[in-house]
Amino acid sequence: MKEEKKIKPKRDRIAVILYVLYCLFLILSVVLVIKLIGIQLFFNPDERIVTALTPANYADRTTPERGRIIDCDGQLLAISCPMYQFYMDCTVLKGQKPEKEAEWLGKARELSACLAEVFPSKSADQYYRMIVNGRKKGLKYVQIGHPVDRRTRNKIAQFPLFRDGKYKGGMIIEEESLRQYPYGELARRTLGFVRDNKSNVTNTHIGLEGKFDYVLHGTEGLEWKRKSDYGQITNHDSTIVKVVNGKDLRTTLKIDYQQIADRALREQIEGEDDLEGACLVLMETSTGAIRTMVNLVRDAKTGKFGEIQNLAIGRKGEPGSVFKTVTLMSVLNDGYIKSLEETLPAKSGHVDGTSINDSHIPDFARQHHTDRISIIDGFKISSNYVFATLAVKYYGKTRTSDRTEQFLSNIYSYKLGEAFDFDLDGLQTPTIPSPKSRYWTNTDLGSIGFGYSTEETPLHILTFYNAIANKGKMMKPYLVENIESAGSVVQKRGPSILNAAVCSKAVADTITRALKAVTEEGTARRLKGAKCSVAGKTGTSYGTFANGQYSDNQGRRKYQGTFVGFFPAEDPQYSIICTVYSKPTSKQFQGGGIPARAIRTVIDQIYNIDPYFRQTIE
């Protein structure tokens, strides 16, 4: 019993101690929970500490490789290539012993001499002073020259000082993907221009590079990263966007023909100081595929011609006599004339009901001892009287009817009154006057008949003539054949029709006969000796001055001379147009001159290499 009494008090003390500890831990737990809740709800850590201890996320963007632009035969017209830009850390090994510093500067002088050979924009002394001044100022990132290709990069990397590496020679190389155009300025206004494929580059929407940027650019890659003690690591909690390279454009252009046309046009215009520009477009008859588009404009500073502005689609003007074919098609389609041999009076040259007078008609009557002129003769000599008379006689206002709207409706059906969808931005909308306008006069209908009072682009005129060559089927001009990826076609584009029948085959054949007469006996006789038969029409118009007149106070004119047609006339493969634009001048620049000569050169040279003609010869 005594032993039990001794043990019991000892057990009570242990229980008390445990109970106290239990209460103490319980209180501490409650305090800890309250503290955690307080931290979660009310605690705001010092932002400086958070910034210092938490690595920041940053977006690592990957620029996609821009798609290529290629011609119809697979020749590269635009491609992105790796290029290398050199920089120099001029402070490396700065503060070393005098003899070592002198040795370093000696190598810098040798380096400067080598750089002057590769980048001759600066002399060796200028490069050396740039390096020395950079060293004095503590510059760590001095640009050297311009971006170079891999071969030149390897050459420069072996220059004195640079061969010592980054930490002794200060050489820094940055790689970037730059756009290259293997054929230089050739077709530049059609292709467009970009420097690289970076998303922050402003797109000027010029040429195919601009219009199809959404295809060529691709999708930029995006990955969120943060810095760690072991370098950069991916933040896997963020979304990762994989880079998708741009797709390729296969164009309708044929670069060999582009070179022929560019050279032929330059040969004709470079010696003419009074010309401000010219364009030449070659189109495949059956499809509307544009094989050549040359646009040459005189640079105001250098005086040289270059691909500065797309005249073929971006400049509209009164087309002149090439529009007489429109009038001819209209009267043939509507059945007002049945034969090109039908005649009109040829006495005074005055068009009844208008102020239009053609002084060439009396001369024609005296020369041919007649008082009548046939429609085909009027077409051959490009008579304004004949076609103004046709327009006024058959579409003018009479006591019982007014068929002017019918004539204008025909013009619109020939797609000469709208800016159809095209593969380049900037196609101008033609100007067709309306009788409902308060500016309409009795002369306008006759003027439209021979190509004035309207405004058309060269591409619109070519599209119309191509429909004649295509027996009435009007094809839409286009420049992009396919969109491709890794050699496979992603999107097939190709030919499309603007108007299935602007005229019947019989009407097209009749007009073709008239166009052949122009090149054989009329105003385009320079094309008679071409290596294949040509059907076409010349046209000359005058630009207006500020006073609304067609000549200034010195009697000078601004010429727009055009030849448009197709070849070979009996089985058309190509349609072609050439237009020249002059400054105010006393010289004459008519469609039968420079445009006809340039086109003959193009036809003769294409004849020598085109598979169609080689098969014909064989």
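The values are calculated or read from the model by the stated rules, or taken from the named source; none is laboratory data. Fair warning: this is a prediction, and the values are worked out from it, not measured in the lab. Reconstructed Cβ throughout: ideal geometry from the backbone, glycine too, with neighbour counts over all protein chains shown. The protein model used for the area step is the full one, side chains on, heavy atoms only, and it has no ligands, DNA or RNA in it. Shrake-Rupley method; radii C 1.70, N 1.55, O 1.52, S 1.80 Å.
Descriptive notes on the structure:
- Burial ranking of peptide ranges 85-96, 357-368 (average Cβ count within 10 Å, highest at the top): 85-96, 357-368
- Cleavage-rule hits, GluC sites (Glu not before Pro), the range 479-579, DSSP coil, Cβ neighbours within 10 Å at most 10: E570
- Accessible surface of Y439 - all protein chains present, 1.4 Å probe, nearest 10 Å²: 150 Å²
- Ignoring lysines fewer than eight residues from K587 along the same chain, the ones with Cα atoms less than 16 angstrom from its Cα are K558.
- Placing dummy labels 7 Å off each Cα toward the beta-carbon, the span from T429 to N154 is 5.7 nm.
- Proximal aspartates and glutamates to K155, defined as alpha-carbon separation beneath 12 angstrom and excluding residues fewer than eight positions away on the same chain: E117
- Largest to smallest in accessible area, the residues D352, D213 fall in the order D352, D213 (1.4 Å probe, all protein chains included).
- 3J(HN,Hα) along the range 541-548: 9, 10, x, 8, 9, 4, 7, x Hz, from the Karplus curve 6.51 cos²θ - 1.76 cosθ + 1.60 with θ = phi - 60°, whole Hz, x for Gly and Pro.
- Carbon/sulfur fraction of accessible area - the chain, other protein chains in place, 1.4 Å, %: 51 percent
- Report summary: the helix-based calculation at 222 nm, which adds -39500 (n - 2.57) for every DSSP H run with n ≥ 4 and divides by the residues of the chain, gives -11500 deg cm²/dmol.
- Taking amide H as placed 1.01 Å from N in the peptide plane, W224 has its amide H under 5 Å from the amide H of D60, N235, each at least 5 places away in sequence or on another chain.
- Extension gain for V489 to T302 (0.36 nm times residue separation, less C-alpha to C-alpha distance): 63.1 nm.
- Label sites at D196 and Q259, each approximated as a point 7 angstrom past Cα along Cα to Cβ, lie 3.1 nm apart.
- Backbone HN-Hα couplings from phi across the range 72-88 [Karplus 6.51/-1.76/1.60, Hz, Gly and Pro as x]: 5, 9, x, 6, 6, 9, 8, 8, 9, 10, x, 10, 10, 9, 8, 10, 9
- Between the range 516-559 and the range 134-149, the alpha-carbon center distance in angstrom: 57 Å
- The loop-placed trypsin sites (Lys or Arg not before Pro) in the range 404-496, going by DSSP, that have at most 15 neighbouring Cβ atoms within 10 Å of their Cβ come out as K436, R438.
- Helix axis angle, 505-521 relative to the chain longest principal axis, alpha carbon, degrees: 80 degrees
- Computing Cα extents along the principal axes in Å directly from the structure and comparing it against (1) 163, 78, 58; (2) 77, 59, 47; (3) 80, 65, 44 singles out (1).
- Helix axis angle, 384-395 relative to the chain longest principal axis, alpha carbon, degrees: 80 degrees
- Close amide H pairs (under 5 Å, H built 1.01 Å from N) link R291 with L282, M283, E284, residues at least 5 positions away or on another chain.
- Taking 0.36 nm per residue of separation and subtracting the Cα-Cα distance, full extension of the segment from Y439 to A500 would add 18.6 nm.
- Candidates per trypsin sites (Lys or Arg not before Pro) in the range 321-354, loop by DSSP, up to 15 other Cβ within 10 Å: K338, K347
- Residues of type lysines that K100 reaches as a straight line, Cα spacing below 20 Å, ignoring anything fewer than 8 places off in the same chain: K136, K137, K140, K166, K168
- Long-range amide H partners of R372 with built H, under 5 Å: A346
- The chain: angle of helix 2-42 to the longest principal axis, Cα-based, in degrees nearest 10: 20 degrees
- Accessible area per residue, Å², the chain with all protein chains present, probe 1.4 Å: 52 Å²
- Across the range 355-372, coupling constants 3J(HN,Hα) worked out from phi with the 6.51/-1.76/1.60 Karplus curve, θ = phi - 60°, read 9, 7, 10, 10, 5, 6, 5, x, 4, 4, 4, 5, 5, 9, 6, 8, 10, 10 Hz, and Gly and Pro carry x.
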